[in-house]
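Undergrad: Questions regarding the structure given below will be posed in turn.
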Amino acid sequence: MANQIRELCLAPTGQTEVLQGNIAFAVGCVRGGIHAADGYPGTPSTEVIHRGLSQVQDLITVGWSVNEAVAAAVGQGHTIAGHDCVVTMKTPGLFQAADVFTSGSFYSGDRAGLVYYIATDFIPSATQHVIDPRYLYKSCFLPVLEPRNHQELHESAALAVEIARKYRTQIVVMPSGVLCHSEGLVHMMEPQSRAPMEMPTNLKAFAVMPNVARADYDRAVTTRTPALTKMVENSPLNRWEKGAGKMGVITYSICDMYVREVKESLAPDIDVLSLAFTNPLPMNLIRRFCESIDGPVIVIEDGYRYVQEAILQNGLKVEGKEPNDPLTEWSPALVAARLGFELKHARHDVPAIPRPPAICAGCPYRLFAQEAAAMRKKGLIDAVFGDIGCNALLYFLNVTDTSLAMGASEGMRQGLTLSRPEEASRSLAIVGDSTECHTGMAATRNAIYRNIPGVKVILDNAYTAMTGGQPSPTSPVNLAGEKMRFDLPGSLAAHGAKVTLVAAYDRKAIHEALTSALADAETGTFSTIVIQEGQCLRQSATSTQRVVADPELCKQCGLCLICSGIEKGPDGVPVINQLCSGCGGHTPSCVQMCPFGALKAVDITELDRPTAPQFPTPPTGVALPEMPVSSLPDKLSLAIRGVGGQGNIFFGRILTGLAFLAGYGQSNIVKGETHGMAQMGGPVISTFACGNVVSPILMPGTADVLIALEQAAVLREGFLEMLKPGGTILMANTRILPVGFAADKYPTNKQMDSALSGYTVKRLDVLATALKLGDPTGRMANVVMLGLLSTIGPFDVFPTELWHEALRRANSRPEIWAANYAAFNAGRSMAQPAGL
């Protein structure tokens, strides 16, 4: 990734790439001459630093701060030093940083540009609320730029810095989470070089003393805002697409893509006014647009009704959402319906199985979850206050009751204890290590300061894991690769807390620690239990440890079936599946759950499985055939559904690479995908389209092929209706049962046949094929399915050589490329009559 990001940052102007929105922005920061970036991980903004800027630290000063408020203050410091800075966060992070953000919004001293990159999640996929922050921005009199596509997102940092410098203001770039995580065509912007500004000799202008703050506010209202309003009124970024003048649509941000998709496919005669800035609004332009329409003017916007309300307050007649409309995230289908088009809906009476997100197989949180749930079941614990992060998933394991905000769990526990003192020994607060360092430690201090007894459990997996494994103060090294010096247990002890350290994979020790701490709470003690020595498995070396059951000792009691990596076998004896991680080499959790000693840890080489094969080296130097533009279909699209961890995202990456090689870079390529909690074993969807397309979210009835990597995934709401008449469904026979889900509740083959009657369906055992190839994890099943797709129309139009090259470019490590090459070709072989 580092070499890829560097190549993009240094690529020739105009070079065309297919990039994720966050990466497009990150590369734009470097090419746009931004000097520094700071932030805190938060889906959907994380990749800007995590996968982007952190890879080119010699080209830009970049780092993770412990929370958004600190990152915002770091950004202020960079700009006072004369260096332009971008600060990244998600919407809830804005409110965590609100004191710094709002106070700093009125600074008017001469300094470098400060850009806040605040990503929204109005679905939400990985956010605790859908509050529309535009009202806050307006009250701060800040300019707000909302990119509408990947190209604008790529160029937005440079544009924003110029505005910030010129008008002496901080500025917000607010991309939709869909834009952040989807992929689209980007033409590399022309590199810019911007010299750092001189550091002010007098820093007293950057103070919030009442007299200074009053003067700064007056300047923002009377001088800055009128100048910004004139700028947005005349901005060439506003687009007025004229139609028949009978119906108008005002839109902005990601909704521009959805409106354009509907306009091009269903409503070519509508007039569209697409706005680049949402504060201040170009109200004169909006007025002229409304006056030009002899019919309804409809506002299509995500979030609440910010622009609609502003237009109505100016005496103009527009439609949109009613005040009590809960819709916060549009799609092309919803836009089409709002504009009066009736769309076909797929109907069947087979319910999709519930699939809540889950902690990973072998997660170091698992044994704590088991012990806490058992104590609750025995009536020893009344309430467990959860937090934000991977520990939030313990809600689905009947461990936690609540979640509120980063670091809020302990404060909630304290409030309960103050009102009901008897609950001190009957309640827990849970927080992750990175969240304790984020804001949680303030509540730890509060418990000591106010002498509030109770128990706080800190689950330390050494990373900010939920957002992809960014370093936190408890990680081995920081973002710069420097050895970490922060000592979490030492800090807690220095605060005055009683600290107990427990190994994450020691069930007995966890039980004893909880029992002892709750007993101490009854006598007035506040305790912290730090459960550590279990790094996030996604950041650890792959373990070859696995588990086997002795059928002679096994009583088939099911007590070991606590994890997605182990399941009941055909004879009732538990067996591990392809998800088993071996608990990272620690004593496996399931082994510790068995009261009969029937399970034991073994090395994977001891299992009755074929050894990993040595795949032959794929041919090299293969000439890539050219595809004349006339041979390319006008449009191709598909959607892929599965379970988090099955490789949806990789599947889509191959397709975008294929389309680019085939020549669709001259028209358009878009890909959408699920991010957030659903990636943790929940339901996920990826979409792909190329050619005459606009939106990463597909219109109903437009997909040439639907792919289900897990067979029940095909039943998810809205999936079947994406298929166009005559399209094909490729469905894996793979069944993945959520932990605790009864097998007899899973849809039967008869029910599946009934739900899919009338469709062209090809059922395939791609998992079995992957296992036969010697893949012990089955993770190459998605590549097997990809090989089959290459034989299905209209995707069979692409030569095999192009498919191979797209696969190689996605991961060119020799051993991975050889395995993927074999899996892909095995999938192509399944297209033979015997295979289908």
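The values are calculated or read from the model by the stated rules, or taken from the named source; none is laboratory data. Note that the coordinates shown come from a computational prediction; the quantities given were computed from them, not determined experimentally. Note that each Cβ is placed from the backbone with ideal geometry, even for glycine, and that neighbours are counted across all protein chains shown. SASA here: full protein model, heavy atoms, side chains in, ligands and nucleic acids out. Shrake-Rupley method; radii C 1.70, N 1.55, O 1.52, S 1.80 Å.
Undergrad: Of all residues in segment 724-742, which are open to solvent by 50 Å² or more (accessible area, probe 1.4 Å) and touching a residue at least 40 places away in the same chain (Cβ under 8 Å)?
TA: Selection gives Leu737, Val739.
Undergrad: Looking for whichever is of a type outside the set (S, T, N, Q), out of contact with any Leu (no Cβ under 6 Å at 6 or more places or on another chain) and under 25 Å from Leu658 (Cα atoms) here; the options are Gly727, Gly758, Gly740. Which one fits?
TA: Gly727
Undergrad: Which of the residues belonging to segment 240-260 are of a type in the set (Asp, Glu) and not in a strand (DSSP E or B)?
TA: Hit for segment 240-260 is Asp256, nothing else.
Undergrad: Within segment 773-799, track down each residue that is within 25 Å of Gly644 (Cβ to Cβ) and assigned to a helix (DSSP H, G or I).
TA: Within segment 773-799, Ala781, Asn782, Val783, Val784, Met785, Leu786, Gly787, Leu788, Leu789, Phe795 meet the criteria.
Undergrad: Hey, can you tell me all the residues within segment 518-546 that are modelled with pLDDT under 95 and among the β-branched types (Val, Ile, Thr)?
TA: The answer is Thr542, Thr544.
Undergrad: Please go through segment 570-596 and give me each residue that is open to solvent by 50 Å² or more (accessible area, probe 1.4 Å), more than 22 Å from Gly681 (Cβ to Cβ) and not charged (D, E, K, R), ordered by number.
TA: Correct list: Pro570, Thr587, Pro595, Phe596.
Undergrad: Looking at Gly320, Gly315, Gly248 in this structure, which one is at pLDDT 95 or above, in contact with a strand residue (DSSP E or B) (Cβ under 9 Å, 6 or more places away or on another chain) and farther than 27 Å from Val172 by Cα?
TA: Gly248
Undergrad: What's the total number of residues in segment 422-444 that are among the hydroxyl-bearing types (Ser, Thr, Tyr) and in contact with a Gly (Cβ under 6 Å, 6 or more places away or on another chain)?
TA: 2
Undergrad: Name the helices (runs of 4 or more DSSP H) wholly within segment 134-239 that hold at least 2 residues that are of a type in the set (A, V, I, L, M, F, W, C)?
TA: Qualifying helices (runs of 4 or more DSSP H): 150-167, 177-181, 210-219, 225-233.
Undergrad: Taking the conditions exactly as written (outside any loop (DSSP other than H, G, I, E, B), in contact (Cβ under 8 Å) with a residue 40 or more places away in the chain and closer than 19 Å to Leu709 by Cα), does Leu767 satisfy them or not?
TA: When the stated conditions are applied, Leu767 passes them.
Undergrad: Hey, another quick one. Test each condition in (1) surrounded by fewer than 18 Cβ atoms within 10 Å (Cβ to Cβ); (2) at pLDDT below 95 for Pro326 and report the one that comes out false.
TA: Looking at each condition in turn, Pro326 falls short on (2).
Undergrad: Continuing with the same structure: Just name the residue that is farthest from Ile254 (Cα to Cα) out of those in segment 164-174 that are of a type outside the set (Gly, Ala, Ser) and crowded, with 21+ Cβ neighbours inside 10 Å.
TA: The selected residue is Thr169.
Undergrad: I need every pair where a residue in segment 652-668 that is closer than 15 Å to Pro696 by Cβ and assigned to a helix (DSSP H, G or I) has its Cβ under 8 Å from the Cβ of a residue that is open to solvent by less than 20 Å² (accessible area, probe 1.4 Å) and of a type in the set (Lys, Arg), sequence separation at least 6 or different chains.
TA: Going by the 8 Å Cβ cut-off, the qualifying pairs are Gly652/Lys671; Arg653/Lys671; Leu655/Lys671; Thr656/Lys671.
Undergrad: From (1) at negative phi; (2) touching a residue at least 12 places away in the same chain (Cβ under 8 Å); (3) small (Gly, Ala, Ser), pick out the condition that doesn't hold for Gly645.
TA: (1)
Undergrad: Out of the residues in segment 531-559 meeting the condition of being more than 10 Å from Cys594 (Cβ to Cβ) and touching a strand residue (DSSP E or B) at 6+ places or on another chain (Cβ under 6 Å), tell me which one is most open to solvent (accessible area, probe 1.4 Å).
TA: Per the criteria, the residue is Glu533.
Undergrad: Determine which single condition Leu764 fails, assuming it passes every other condition in (1) crowded, with 19+ Cβ neighbours inside 10 Å; (2) under 29 Å from Leu393 (Cβ atoms); (3) at pLDDT 90 or above.
TA: (2)
Undergrad: Just to be sure, is Pro725 assigned to a strand (DSSP E or B) and at pLDDT below 95?
TA: Yes; evaluated as a whole, the condition is true for this residue.
Undergrad: Scan segment 697-704 and tell me whether some residue there is open to solvent by 10 Å² or more (accessible area, probe 1.4 Å), touching a Leu at 6+ places or on another chain (Cβ under 6 Å) and not in a strand (DSSP E or B).
TA: yes
Undergrad: What number goes with the only condition from (1) touching a Ser or Thr at 6+ places or on another chain (Cβ under 8 Å); (2) at positive phi; (3) of a type outside the set (Ser, Thr, Tyr) that Ile300 does not pass?
TA: Condition (2) is where Ile300 drops out.
Undergrad: If you don't mind, there's one more thing I want to ask. Quick check on Ala443: is it within 22 Å of the chain's Cα centre (by Cα) and farther than 19 Å from Ala358 by Cα?
TA: So Ala443 fails the test.
Undergrad: Taking segment 228-275, which residues are of a type in the set (Phe, Trp, Tyr) and open to solvent by 20 Å² or more (accessible area, probe 1.4 Å)?
TA: Trp240
Undergrad: Ala770 passes all but one of (1) crowded, with 18+ Cβ neighbours inside 10 Å; (2) small (Gly, Ala, Ser); (3) over 29 Å from Pro357 (Cα atoms); which number fails?
TA: (3)
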